[in-house]
Amino acid sequence: SNFNSIGILRRVPHLFLLSAYENTPASLRWLGQELFDGRLHNVITFASSNGVQWTLFFDNRTKLLSKYEQMVSDNVRGDSIQETLFPAYRTVGQLKVPIRRVSKRAGELIEEVNYDEVKFNTHPPESAFAKPEGLDEQPTPTPAPIKETKLGDGVYLFESGANSLVVEFND
């Protein structure tokens, strides 16, 4: 799995940790202990293949991941810390699973998810994957045509659903 591109990995502690270990073992480092949420935590860090530095906080008592954080670029605030917190866990089968996930950027809440029911190794009925009644299939949209405009020597604007500016350089 590609750690940098699969967002679901970062939403489930078990997958997040497994992917970090499989994809970045050479950069794993222990930073020491730090207080977080009134409890002592062991803190480790690693760099993913795109250079993002991740910091993970493990509760010293439970050994569970309490949160991870990374620096992100925010259009309004500039460089900001983005945190994903797992405030509490419960036991399902033989695994500890989070009951909640909270994401914050620059201290402001951006997402809160509650896990009301977690099941493993279930076989949902085929009806769970059926198209909802009354849903009309829409035809595949035709992509917008690309308009190329030469703005100057070696400078081009390509306009479509998304716009791109291309600049040629000697090297």
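The values are calculated or read from the model by the stated rules, or taken from the named source; none is laboratory data. None of the values given here were measured: they were computed from a predicted structure. Using ideal geometry, Cβ is built from the backbone for each residue, glycine included, and neighbour counts are taken over all protein chains shown. Only protein heavy atoms, including side chains, enter the accessible area calculation; ligands, DNA and RNA are left aside. Shrake-Rupley method; radii C 1.70, N 1.55, O 1.52, S 1.80 Å.
The residue that is modelled with the highest pLDDT, counting only those in the stretch 27-52 that are open to solvent by less than 80 Å² (accessible area, probe 1.4 Å), more than 19 Å from Arg100 (Cβ to Cβ) and of a type in the set (Gly, Ala, Ser), is Gly32.
For the residues Thr24, Thr55, the requirement of being closer than 21 Å to Ala106 by Cα, surrounded by 12 or more Cβ atoms within 10 Å (Cβ to Cβ), touching a strand residue (DSSP E or B) at 6+ places or on another chain (Cβ under 7 Å) and β-branched (Val, Ile, Thr) singles out Thr55. Has the stretch 107-122 got any residue that is touching a Phe, Trp or Tyr at 6+ places or on another chain (Cβ under 9 Å) and in a strand (DSSP E or B)? For the stretch 107-122, residues touching a Phe, Trp or Tyr at 6+ places or on another chain (Cβ under 9 Å) and in a strand (DSSP E or B): absent.
Of the residues Glu148, Glu159, Glu133, the single one that is acidic (Asp, Glu) and open to solvent by less than 70 Å² (accessible area, probe 1.4 Å) is Glu159.
Can you tell me which residue in the stretch 89-134 is farthest from the chain's Cα centre (by Cα), limited to those that are closer than 30 Å to Val72 by Cα and among the aromatic types (Phe, Trp, Tyr)? The residue in question is Tyr89. Pairing residues of the stretch 23-50 that are touching a residue at least 40 places away in the same chain (Cβ under 8 Å) with residues that are of a type in the set (Lys, Arg), at Cβ distances under 9 Å and at least 6 apart in sequence or on separate chains, gives Asp37/Lys67. Is there a residue in the stretch 77-85 that is of a type in the set (Val, Ile, Thr), over 14 Å from Arg10 (Cα atoms) and at pLDDT 90 or above? Within the stretch 77-85, one or more residues are of a type in the set (Val, Ile, Thr), over 14 Å from Arg10 (Cα atoms) and at pLDDT 90 or above. Summed over the stretch 80-130, the residues that are touching a residue at least 24 places away in the same chain (Cβ under 8 Å), aromatic (Phe, Trp, Tyr) and open to solvent by less than 70 Å² (accessible area, probe 1.4 Å) give a count of 2.
Comparison of Trp30, Trp54 shows that the only residue that is more than 20 Å from Glu112 (Cβ to Cβ), in a strand (DSSP E or B) and under 12 Å from the mean Cα position of the chain (by Cα) is Trp54.
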